[in-house]
């Protein structure tokens with residue numbers, strides 16, 4: 001399955017914009033969400049090919065949203081890459097246990113992120 005549409009989830013408008021613009025320049029259709037709750041709603045309504053999920057967000061965090069999306073009837077097949085500043089090994093293990101496909105620590109190395117996206121698709 002080729003990755004065409006990516007849902008970017010981050011509560012930081014700056015992070016969302018930077019990542020969205022870089023992905024769009026690379027030819028991806030980008031949808032954004034600024035909270036875990038919005039990510040759950042948009043993952044079901046937009047059915048993206050991939051989700052890039054921040055962890056630290058107000059309200060529902062990225063771990064909780066990832067768990068919900070990865071267990072949802074219509075969304076369980078969507079790979080989720082957690083993109084977060086949480087860099088401890090225990091954070092990564094917890095993210096993967098919630099259903100994440102991969103885990104990347106910020107600041108993002110965009111060329112490396114693109115390679116990971118291409119390897120999924």
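The values are calculated or read from the model by the stated rules, or taken from the named source; none is laboratory data. Everything numeric here is computed off the predicted structure, so don't read it as measured data. Please note: Cβ atoms are built from the backbone with ideal geometry, for glycine as well, and neighbour counts cover all protein chains shown.
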(request) Please state which of the following conditions residue 87 fails to meet, knowing it meets all the rest: (1) modelled with pLDDT under 95; (2) surrounded by fewer than 16 Cβ atoms within 10 Å (Cβ to Cβ); (3) out of contact with any strand residue (DSSP E or B) (no Cβ under 6 Å at 6 or more places or on another chain). (result) (3)
(request) Six or more apart or on different chains, Cβ under 9 Å: which pairs go from a residue in region 95-116 that's farther than 11 Å from residue 81 by Cβ to one that's modelled with pLDDT of 95 or more and assigned to a loop (DSSP other than H, G, I, E, B)? Could you list them? (result) 99/76; 106/54; 110/26; 114/26
(request) Please work out if residue 77 is modelled with pLDDT of 95 or more, within 14 Å of residue 5 (Cβ to Cβ) and out of contact with any strand residue (DSSP E or B) (no Cβ under 6 Å at 6 or more places or on another chain). (result) yes
(message) With the requirement that a residue be surrounded by fewer than 17 Cβ atoms within 10 Å (Cβ to Cβ), out of contact with any helix residue (DSSP H, G or I) (no Cβ under 7 Å at 6 or more places or on another chain) and not in a helix (DSSP H, G or I), what does region 71-84 give you?
(response) 73, 77
(request) Give the number of residues within region 25-56 that are touching a residue at least 60 places away in the same chain (Cβ under 8 Å), under 11 Å from the mean Cα position of the chain (by Cα) and assigned to a loop (DSSP other than H, G, I, E, B). (result) 1
(request) Report yes if residue 23 is surrounded by 19 or more Cβ atoms within 10 Å (Cβ to Cβ) and within 16 Å of residue 120 (Cα to Cα), otherwise no. (result) yes
(request) Answer with yes or no whether residue 59 is without any contact (Cβ under 8 Å) to a residue 12 or more places away in the chain and either more than 13 Å from the chain's Cα centre (by Cα) or part of a loop (DSSP other than H, G, I, E, B) (or both). (result) no
(request) Evaluate region 61-70: report whether one residue or more is crowded, with 22+ Cβ neighbours inside 10 Å and within 22 Å of residue 119 (Cα to Cα). (result) yes
(message) Would you confirm, using the coordinates I've provided, whether residue 38 is under 20 Å from residue 5 (Cα atoms) and surrounded by 15 or more Cβ atoms within 10 Å (Cβ to Cβ)?
(response) yes
